[in-house]
Amino acid sequence: MACRGRRPEHGGPPELFYDQNEAQKYMRNSRMIDVQTKMTGRALELLDLPDEKPCFLLDIGCGTGLSGDYLSEEGHYWVGIDISLAMLDAALDREAQGDLLLGDMGQGIPFKPGSFDGCISISAVQWLCNANKKSDIPAKRLYCFFSSLYSVLVRGARAVLQLYPENSEQLELITTQAIRAGFTGGVVVDYPNSAKAKKFYLCLFSGPSTFLPKGLHEIKEEEEAKESTFTNRSSQLCLRHRVQNRIARRGLVRKSREWVLEKKERRRRQGKEVRPDTQYTGRKRKPYF
């Protein structure tokens, strides 16, 4: 479970590690952009949000706004919180569409109860397991984080937190504090038999306990090889743009009625429950918040 080499959180607090140089990597390194976009897509899938309805989401550890870009492209509104001023400055330079907040998640999420329809986090929660000063007690910081997160979510909403646990003890510490704060749920592991593609997602429910989504198990060999040989190409080659190009080649305008109908039909073929088509399907609606 432990990652190879020295872990970033062992080198000091995140506000120092994620400096301007690190922020530039998230803006220019196509491999990092591609991985971040894929993990955000998977987290959004695990959130299981209602179709055709824009939601108000919280992005914890939003960084330069890469995950937020994906949320915006899917028609959602979002607020991002991050402890690194350099990463947030980069998000502003990229003209991220969400609202940004400088803050330490270990000190709690500073929003009113029931503010958000869901929450995602990419590669952030494991930072709370390290004490960077004498007053830092990981268990207390984790509980403060999870208890405030539970409060700001509407009842029945989900939080999907992608993380890199150092070991099984660290993962148990995180899940224990989440359950203590009131959440139900568990850990979803994608590609558990792959050393490179294996990912952990803490899937939490703020309402009555429901079924835990299953992890992904099959990965194409060429995708795994691509993961290990990815070079530092231009960010225009990232997953987001490839998806947009495929849509353009089919002659569909994103979020148009035809695009929505095709997406619903695809979900029906996958065996998922989809609302019936009506005259209002694909109609743009004003934000309700």
Rounded to the nearest 5, the percent of antiparallel DSSP beta bridges in segment 8-206 equals 40 percent
Ranked from highest to lowest mean number of other Cβ atoms within 10 Å per residue, what is the order of the peptides 75-86, 169-180?
75-86, 169-180
Of the heavy-atom accessible surface of segment 8-206 (probe 1.4 angstrom), what whole percent is carbon and sulfur?
50 percent
Trypsin sites (Lys or Arg not before Pro) within segment 5-39, DSSP loop, no more than 16 other Cβ atoms inside 10 Å
R6
With each pseudo-label sitting 7 Å past Cα toward Cβ, what's the D19-S135 distance in nm, one decimal?
2.5 nm
Only Cα pairs under 8 Å and at least 6 apart count here; give the relative contact order of segment 11-165 as a rounded whole percent.
25 percent
With 21 Å as the limit, write out which pairs from K38/K284; K53/K263; K263/K284; K264/K284; K25/K134; K38/K263 have Cα-Cα distances beyond it, or answer none.
K38/K284; K25/K134
Enter the accessible area of V187 (Å², nearest 10), with the probe set to 1.4 Å and all protein chains included.
40 Å²
Spacing of the two label points (7 Å from each Cα toward its C-beta) at E262 and T176, in nm
5.0 nm
Cβ neighbours within 10 Å, averaged per peptide: list 49-58, 93-102 in order, most packed at the top.
49-58, 93-102
Sequence ranges 125-133, 12-20, ranked by mean other-Cβ count within 10 angstrom, highest first:
125-133, 12-20
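Pairs of Cα atoms under 8 Å, at least six residues apart: use those to get the relative contact order of segment 15-74, whole percent.
Once normalised by length, the contact order is 39 percent.
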Ranked order, E273, E262, E45 - accessible area, probe 1.4 Å, largest first
E273, E45, E262
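The values are calculated or read from the model by the stated rules, or taken from the named source; none is laboratory data. None of the values given here were measured: they were computed from a predicted structure. Neighbour counts run over all protein chains shown; Cβ positions are idealised from the backbone, glycine included. Ligands, DNA and RNA are stripped out before the accessible areas are found, and what is left, the full protein with its side chains, is counted by its heavy atoms. Shrake-Rupley method; radii C 1.70, N 1.55, O 1.52, S 1.80 Å.
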